[in-house]
Amino acid sequence: MSHRRFPLTLLAVALSAIASAAPTPPAIDAIYSGKAKEAYYAFPTTWIAAADTHYQRRSEASAVNLKNGDVLVAWCDLVGHSDNAKGYISAVELSPTGEPRGAPRIIVPTPPDGLNSLSPALRRMANGEIGLAFSYRMSTKSASRRFAHSSDEGRTWSEPVLVSDGSDAYMTGCNDRLTVHSSGRLLAPLHCSEDWDKHHLSVKTSWSDDHGRTWRTTKAKIELPYVRWPTDVGQNQRKIGLESGPHEPGIAERADGSLLMTMRTPMGTQFFSESSDRGETWSDPRSLELTSPLAPANLSRIPGTDKLLMVWTPNYESAKSMMGKRNTIMACISDDGGRTWPHAKRKIIVHDPAKSTDYPSVLFRGNEVWITLRVSSGSGVLQGLTGTALVRVPLAWLNE
């Protein structure tokens, strides 16, 4: 097969056209300081699952490419705003241009006598099947991470098996967090708590070497200090509930087979840990030096490259609830395995002070990255109606 080189002059023209098609973003310093007041969208967003009076929250999505060229996307349908509202996981196929095909269908029902099924994570496994990890929440104190597989492109699913080992009463995971290692091993990162009322969490990892039929869980926890604001500081009361410790982890494989994990923390930045044995042991957590409130980041590797992509919330205000609003989604590519995330490469995808936008999922499709976002109609977290939107981002734009 012959290969044709793309002339550099044409490449420059193509990149220039992409850049000129996007509006001028606000200064990143203005984003960090909260002074950027105008809404900015680098690319159009379209609804996949818009909320309504019946489902006030339809969010925390994940997507996978199908063999026929379509996309399967799953999310949580909740009757109410709270994490503790009744709900289940729904899914629908999207066309190659992102339009839903038909009506959504339920793929994981509400647990009998429980609260909800949440936080789906879809991946194509090494054996060609589709894997689905999800959270199964019986109560605010009892929850597990579970896994099902599909051999018919998501039309039917196997009976779920336990991913978490039950060593903690509460063991769940974030949406879109399921890693397929180059060896075929599946890795499901978990956030755990012995007592949810303390809101002090730790991180473990489960792995499977038989395409999700059986799972093992790390014994050691990734932990950080217990953090709380004082509940009464005189006239300037600052009653800020914090979810202490690392949680909502995500894992990406580097080019050399090692693993990088990112974790949401109350420490003002994303934290990270590393593994050189395919997730069985992890290094002590350290700051990744990416400013962030109490909001998750999505970490992935760009297929066919040694580059990592981070999509996260950069807003941070230490004296605000949840340590800052979630009005901005930023992306950055690391060329050195996640050791640095250069400011010159950071791109603002969405900034809208009137809306809360968070919980990104990432799907690579050809020369694009399809990113789903949880979008609330109000400026606060889960304020107003909350749905799932899609933004299609050119890889060339991220690589500029």
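Residues to consider are 294, 373; find the one that is assigned to a strand (DSSP E or B) and either in contact with an Asp or Glu (Cβ under 9 Å, 6 or more places away or on another chain) or surrounded by fewer than 19 Cβ atoms within 10 Å (Cβ to Cβ) (or both). Explain how you work it out, then say what you get.
On the way: 294 fails: assigned to a strand (DSSP E or B).
Result: 373 is the single residue among 294, 373 that is assigned to a strand (DSSP E or B) and either in contact with an Asp or Glu (Cβ under 9 Å, 6 or more places away or on another chain) or surrounded by fewer than 19 Cβ atoms within 10 Å (Cβ to Cβ) (or both).
Please find, among 209, 165, the residue that is of a type in the set (Asp, Glu) and either buried (at least 17 other Cβ atoms within 10 Å of the Cβ) or touching a residue at least 40 places away in the same chain (Cβ under 8 Å) (or both).
It is 165.
Within the range 85-92, is there a residue that is of a type in the set (S, T, N, Q) and closer than 21 Å to residue 52 by Cα?
yes
Those residues that are out of contact with any Pro (no Cβ under 9 Å at 6 or more places or on another chain), over 22 Å from residue 331 (Cα atoms) and not β-branched (Val, Ile, Thr), I need them from the range 23-57; list them, please.
Scanning the range 23-57 gives 50, 51, 52, 54, 55, 56, 57.
Every residue in the range 297-351 that is surrounded by fewer than 24 Cβ atoms within 10 Å (Cβ to Cβ), part of a strand (DSSP E or B), more than 17 Å from the chain's Cα centre (by Cα) and of a type outside the set (D, E, K, R), please.
334
Would you pick out the residues in the range 287-318 that are in contact with a Pro (Cβ under 8 Å, 6 or more places away or on another chain), in contact (Cβ under 8 Å) with a residue 60 or more places away in the chain and among the β-branched types (Val, Ile, Thr)?
Once the filter is applied, which keeps residues that are in contact with a Pro (Cβ under 8 Å, 6 or more places away or on another chain), in contact (Cβ under 8 Å) with a residue 60 or more places away in the chain and among the β-branched types (Val, Ile, Thr), the range 287-318 yields 291, 311.
For the range 175-199, which residues satisfy the criterion of being small (Gly, Ala, Ser), at pLDDT 95 or above and in a strand (DSSP E or B)?
Within the range 175-199, 188 is the sole residue that qualifies.
Any residue in the range 378-398 that is farther than 23 Å from residue 73 by Cα, in contact (Cβ under 8 Å) with a residue 60 or more places away in the chain and of a type in the set (Gly, Ala, Ser)?
Yes: the range 378-398 contains one or more residues that are farther than 23 Å from residue 73 by Cα, in contact (Cβ under 8 Å) with a residue 60 or more places away in the chain and of a type in the set (Gly, Ala, Ser).
Tell me, yes or no, whether the range 226-244 has at least one residue that is at pLDDT 90 or above, in a loop (DSSP other than H, G, I, E, B) and surrounded by 12 or more Cβ atoms within 10 Å (Cβ to Cβ).
no
Inside the range 24-76, can you point out the residues that are surrounded by 14 or more Cβ atoms within 10 Å (Cβ to Cβ), modelled with pLDDT under 95 and assigned to a loop (DSSP other than H, G, I, E, B)?
25, 26, 34, 36
With the requirement that a residue be within 18 Å of residue 172 (Cα to Cα) and of a type in the set (Lys, Arg), what does the range 101-126 give you?
Passing the criteria: only 123.
Please verify whether residue 157 is among the hydrophobic types (A, V, I, L, M, F, W, C), assigned to a loop (DSSP other than H, G, I, E, B) and under 30 Å from residue 388 (Cβ atoms), treating the condition exactly as stated.
yes
The values are calculated or read from the model by the stated rules, or taken from the named source; none is laboratory data. What you see is a predicted model, and the numbers here were worked out from it, not measured in a lab. Note that we place each Cβ from the backbone using ideal geometry, even for glycine, and neighbour counts take in every protein chain shown.
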